[in-house]
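Worksheet: the structure to be examined is printed underneath.
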Ligand SMILES: Cc1ncc(COP(=O)(O)O)c(C=O)c1O
């Protein structure tokens, strides 16, 4: 079909305002035109290994006909019908049943949203409903952590702990409380991992006691903090914080927007990897492998029962495109690929090799820390590897390394002085070798450039 709008020359500078973009960029953006497998092709025709899977989301890789066909078939059958006021559709019902079966414990109730921010926003608003319905309207304070990212609505941005993002925008100050970072690499000199873990768990307990448990609705946490620098908390931390929440009647929201759908080798990681069954799991991204927007929160039956005190409770909250039939059809096709291609097992098998190959980067200048789990990793760059002295933020080392990678055909995600890596889960061993090889070259090039500029590395 001819479309008059497809003949124009691509130029976005005047007409597009990008998320985290400048209001008046000097140049047009670089475009991605197509993708296949683990690769994308940019506007100049350069093929790039997508080491970040879009934005931690294209889990089954690009150009999956099964997903495209499922979406097309659903669009022809029923492209949309509202999910409001107990109106259902076929794909979202099937998807709810599949996710409830996969979720831990009694997490059986699905509330669909349009993405991760709206999933977390919904989870927090559900806790507001719980507080109001149970005659404790003051029990609405939330505890979160430095470096967390939970989204970009007013409420979820308030819960995020990437403080540089708040420089020019307002947040809700009164009900949200941030704990310190849980980055083991930045723990105090000489402190053991166990002592660090215990201190971080104790910090949560102290905050709950300080605020008064009767005032604290919930603790929201990513199992691994993704865009906050791929921070893997110490072993036992999740269990410890979960037990503290249980002790004080504080609800636990596990934000699995990045860690779900195979990234850590399981559909959900909370229980399978970290041994906790939260009150709410939120998810998005890998749910459809990013083919179309969709998010969800999975609520426990017990939480729903506790909220529905008189059997008449209503959750007056939702989005037009929630439970969108085309998105849910895409998610069902995506889940089928994850299962039939045994991508969960693939991630569990490949992960040790992936992390071991990345570990080899520690031999290079600049590399202070390499960390990760499953197919999610971060490399942190420092000026001095012995003292862990950070590089000046102005040097934008993450961006420099990412730019060197890009020139060599690899996309990684710059996150301050860190680069994040989360390739599509279909990546092979050989492709891991290519990824790590390019990253190593890029780090060497970035280190050489800094040295040429007179920056002394390692003292
Ligand atoms: C852990 C986490 N939670 C929530 C979100 C927000 O999801 P969305 O951008 O789909 O609204 C993100 C996005 O990157 C995320 O990484």
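Rule-based calculations on the coordinates, nothing more; no lab input. This is a predicted model, so every value here is computed, not measured. No Cβ is skipped: glycine too gets one built from the backbone with ideal geometry, and neighbour counts run over all protein chains shown.
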Along Cα→Cβ, 7 Å out, is where each label goes; now give me the distance between the ones at residue 82 and residue 403 in nm to one decimal. 5.0 nm
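For an R0 of 30 angstrom, estimate the FRET efficiency from the Cβ-Cβ distance between residue 349 and residue 69 and round to the nearest 0.05. Write down the numbers at each step before the final one.
Working: r = 29 Å, r/R0 = 0.96.
In this case the efficiency is close to 0.55.
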P(r) tail for segment 1-130, what percent of Cα pairs lie past 20 Å? 69 percent
Fully extended contour minus Cα-Cα distance, from residue 384 to residue 2, at 0.36 nm per residue: 131.7 nm
From the Cα centre of segment 71-116 to that of segment 382-459, the distance in Å is 40 Å
For segment 5-70, what is the convex hull volume of the alpha-carbon atoms per residue, in Å³? 140 Å³
Using the 10 angstrom Cβ neighbour count as an exposure proxy, how do 121, 198 rank, fewest first? 198, 121
Arranged from highest to lowest average of other beta-carbon atoms within 10 Å per residue, in what order do the peptides 400-412, 100-112, 63-75 appear? 400-412, 100-112, 63-75
Given R₀ = 41 Å, what would the calculated FRET efficiency be for residue 46 paired with residue 206, taking r from the Cβ atoms and rounding to 0.05? 0.20
So what is the relative contact order for segment 103-257, in percent, with contacts set as C-alpha pairs under 8 Å and at least six apart? 25 percent
I'd like the distance between the alpha-carbon centres of segment 1-29 and segment 133-199, rounded to an integer number of Å. 35 Å
So for the pair residue 448, residue 320, with labels modelled 7 Å out along Cα→Cβ, what separation do we get in nm? 5.4 nm
Can you put 266, 150, 128 in order of Cβ neighbours within 10 angstrom, beginning with the fewest? 128, 266, 150
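Starting from the Cα gyration tensor of segment 288-352, take the square roots of the eigenvalues, sort them a ≥ b ≥ c, and report rounded, prolate or oblate (rounded when a/c is under 1.5, otherwise prolate if a/b is larger than b/c, else oblate).
On the way: a/c = 3.54, a/b = 1.76, b/c = 2.01.
Cα axes put segment 288-352 in the oblate bin.
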Arrange 254, 158 by Cβ neighbour counts within 10 Å, fewest through most, would you? 158, 254
What relative contact order, as a whole-number percentage, does segment 1-139 give when Cα pairs under 8 Å and 6 or more residues apart are counted? 9 percent
Starting from 0.36 nm per residue, how many nanometres of slack lie between residue 272 and residue 456 once their C-alpha separation is accounted for? 61.8 nm
Quick one: what do you get for the chain if you divide its Cα Rg by 2.2 N^0.38 Å? 0.99
Can you tell me the length gained on complete extension of the stretch residue 97 to residue 172, counting 0.36 nm per residue apart and subtracting the Cα distance? 23.5 nm
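With the cut-off at 12 Å, report for segment 98-147 the share of all Cα pairs above it, as a whole percent.
Cα-Cα pairs of segment 98-147 separated by over 12 Å account for 72 percent.
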